[in-house]
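Engineer: Please read through the structure below; I'll follow up with questions.
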Amino acid sequence: MSLLDILDEKAITVHLQELEKESVIKELLDLLVKAGKLKDKELAFHDVMEREKKGSTGLEKGIAVPHAKTAAVTALSMSIGISAEGVDFNSMDGEYSHIFFLLLAPPGASGPHVAALSNIARLVQPPLIRDKLKNAKSPGEVIDIITQYENGG
């Protein structure tokens, strides 16, 4: 599965405005609303925050992957946000998160949900990719970076 299959350019921002964890999640959900991928923003927010209670999805090296299974979507959906300032997302390494992948899956889509999480983890492993994403100037550039990575470049 390609991340590009579940990503719409309208669901990407390279200028996250919010600086607090809950507000960032709401901003990422707004991107999915704008892209027409989200039926119920409040339900999705509730489900993502319930998942966060089990353990922060702030990973290491500036990456956060808030995610949830929720009836607020009918298909696997993802938004991406980049924050130059960084956000305290209770990450594993204690550093601020700069690159956010919000992933939502319908309740019965465990396989695709796990596959997408795995693809995100592989994508952000190389430091060069993280740097390129963090410095992207447009949603189109984010798509180009992911495309190049997925095509082996």
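Quick note: the coordinates plus some simple rules give every number you see, no bench work behind them. Please read all numbers here as calculations on a predicted model, not as lab measurements. Cβ sites come from the backbone with ideal geometry, for glycine too, and all protein chains shown count toward neighbours.
Engineer: Loop only by DSSP, 15 or fewer other Cβ within 10 Å of the Cβ. Give me the trypsin sites (Lys or Arg not before Pro) in segment 71-137 that pass, ordered by residue number.
Structural biologist: Values: sites: 122, 130, 132, 134, 137; in loops: 137.
Here the sparse-neighbourhood loop sites are 137.
Engineer: Continuing with this model, one more query. Give the Rg (one decimal place) followed by the Dmax (whole number) of segment 44-153, computed from C-alpha coordinates and expressed in Å.
Structural biologist: 13.8, 38
Engineer: Ignoring everything except DSSP H segments at least 4 long, calculate the 222 nm mean residue ellipticity for the chain; use -39,500 (n - 2.57) per segment, divide by total residues, nearest 500. Please report the intermediate quantities before stating the final value.
Structural biologist: Working: 5 runs with 62 residues, N = 153.
Mean residue ellipticity at 222 nm (helix-derived): -12500 deg cm²/dmol.
Engineer: Pulled fully out, how much extra length does the chain show between residue 88 and residue 10, if you take 0.36 nm times their separation in residues and subtract their Cα-Cα distance?
Structural biologist: On the way: separation 78, 0.36 × 78 = 28.08 nm, distance 2.50 nm.
Full extension of this stretch gives 25.6 nm more.
Engineer: Using 15 Å as the cut-off for backbone N distance, which residues of segment 100-136 belong to the label zone defined by a point 7 Å from the Cα of residue 60 along Cα→Cβ?
Structural biologist: 121-122, 124-127
Engineer: Setting aside same-chain residues fewer than 8 positions from residue 41, which lysines have a Cα under 20 Å from its Cα?
Structural biologist: 10, 21, 26, 53, 69
Engineer: Would you kindly state how much longer the chain becomes between residue 110 and residue 95 on full extension, computed as 0.36 nm times their sequence separation minus their alpha carbon distance, in nm to one decimal? Please list the in-between numbers first.
Structural biologist: Details: separation 15, 0.36 × 15 = 5.40 nm, distance 2.93 nm.
Length gained between residue 110 and residue 95: 2.5 nm.
Engineer: Are there any trypsin sites (Lys or Arg not before Pro) in segment 1-75 that are in a DSSP loop and have at most 15 other Cβ atoms within 10 Å? List them by number. Write out the running numbers ahead of the final one.
Structural biologist: Values: sites: 10, 21, 26, 34, 37, 39, 41, 51, 53, 54, 61, 69; in loops: 37, 39, 61.
Those satisfying the criteria are 39, 61.
Engineer: Here's something else I'd like to know. For the chain, with a Gaussian network of springs between Cα atoms less than 10 Å apart, report the residue from 105, 136, 115 with the top mean-square fluctuation.
Structural biologist: Answer for the Gaussian network model of the chain: 115.
Engineer: For segment 7-153, what is the percent of antiparallel DSSP beta bridges, rounded to the nearest 5?
Structural biologist: On the way: 8 of 16 bridges.
So the antiparallel bridges in segment 7-153 amount to around 50 percent.
Engineer: Would you mind counting up the charge near residue 32? Only other residues with Cβ under 12 Å from its Cβ, with Lys and Arg at +1 and Asp and Glu at -1. Please list the in-between numbers first.
Structural biologist: Details: positive: 10, 26, 34, 37, 39, 41; negative: 8, 27, 30, 40.
Local net charge: +2.
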